[in-house]
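Report on one structure; see the data block that follows.
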Amino acid sequence: MKDATVMMHPMPAGAGGAENQAALARSRLVEQLRLGALMVPALLVVLVVLVAPILWLGWQSLFDLSGMLTLSNYTRLLTPVYRHAFVSTFEMSALVTALVLLLGYPLAYLLSQLPARIASICMVFVVLPFWTSTLVRTYAWMVLLQRTGLINTWLTSTGLIDHPLQLVNNFTGTAIGMTHVMLPCLVLPLYGAMKAIDPVYMRAAANCGATPVQSFWQAYFPMTVPGLSAGIVLVFVLCLGFYVTPALLGGGRVNMLSMQIQSDVAMSGDPGAASALGIVLVILTMVVLAAIGRLFGIERMYGGK
């Protein structure tokens, strides 16, 4: 009896590779579905608290007080009152951002060079405003800046000035208060960027013959640009819609967009005009973000490569 011959059929050369690719594709699909499921709650929150209100504002801005469809709420924004509000808002936002930059960059640099324990103690005083109500801080500045306040009293008692300075109910007082509120918004991201810089780069620049000034501007400063640009964006955008400090320290004499919106709703009883102004403010904010992102690079600002 002849032994049965078992014929072995070899697997095609590409079959194993195809199966591996299919398994890899399934694994990637499962991972993408899992990540998508994790994103659903966050997307729902964004839709409910951000997208839906903006869409509702856009719809409401298309109707006048009688409920008729109109574009008059948008054409009204070209009148002198609204143009002044736009100009005041952007002037104040630019000024406060510049002041925060001038004060915040040296402060963040100093904190990044201090020993860790001392830097931690100093950082408490930087973030302390976040633990205090903006309303309370603004009233504190009103006490300090008024004609009989601590600052004017000290200046007159030392003979530096003959008459008290007008530091409240004007552009100056508003800028001072907003600068104090916004300072941590720049210092914190900038401090993180500075702490991530390896000191070896500065030593390498010095070894190559660079002066301390050259080492700073050519080696150190460019590496802080991502944190700096992120802080600038945060400060400027928050200033565009700031309300409490301009309303109190401005005394009604600094007409920013947020205050004009409040006036349209509370005093004029015109929600359509306020909604139109809100939509335009959102669009302007997006334009500013796009412009700054184009200038500095969104990926660099938020840690990408």
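Looking at M142, M182, M194, just one residue is farther than 22 Å from L107 by Cα, outside any loop (DSSP other than H, G, I, E, B) and either touching a residue at least 40 places away in the same chain (Cβ under 8 Å) or in contact with a Cys (Cβ under 7 Å, 6 or more places away or on another chain) (or both), and that residue is M142.
A search for C-beta distances below 6 Å between a residue of the stretch 264-276 that is under 19 Å from L55 (Cβ atoms) and any residue that is of a type in the set (D, E), counting only pairs 6+ apart in sequence or on different chains, returns G272/D64; A273/D264; A274/D264.
A single member of T172, T132 is surrounded by fewer than 20 Cβ atoms within 10 Å (Cβ to Cβ), at pLDDT below 90, out of contact with any helix residue (DSSP H, G or I) (no Cβ under 8 Å at 6 or more places or on another chain) and polar (S, T, N, Q), and it is T132. Of the helices (runs of 4 or more DSSP H) entirely within the stretch 47-121, those holding at least 3 residues that are within 24 Å of L188 (Cβ to Cβ) occupy 80-113.
Pairs are defined by a Cβ separation below 7 Å, a sequence spacing of at least 6 or placement on different chains, a first member in the stretch 85-114 that is farther than 13 Å from I176 by Cα and in contact (Cβ under 8 Å) with a residue 40 or more places away in the chain, and a second member that is assigned to a helix (DSSP H, G or I) and of a type in the set (S, T, N, Q); the pairs so defined are A85/Q260. Residue count for the stretch 209-252 under the criterion of being closer than 18 Å to A94 by Cα and not in a helix (DSSP H, G or I): the result is 4.
The values are calculated or read from the model by the stated rules, or taken from the named source; none is laboratory data. Nothing here was measured: the structure is a model prediction, and the numbers come from that model. FYI the Cβ positions are ideal-geometry reconstructions off the backbone, even for glycines, and counts take in every protein chain you see.
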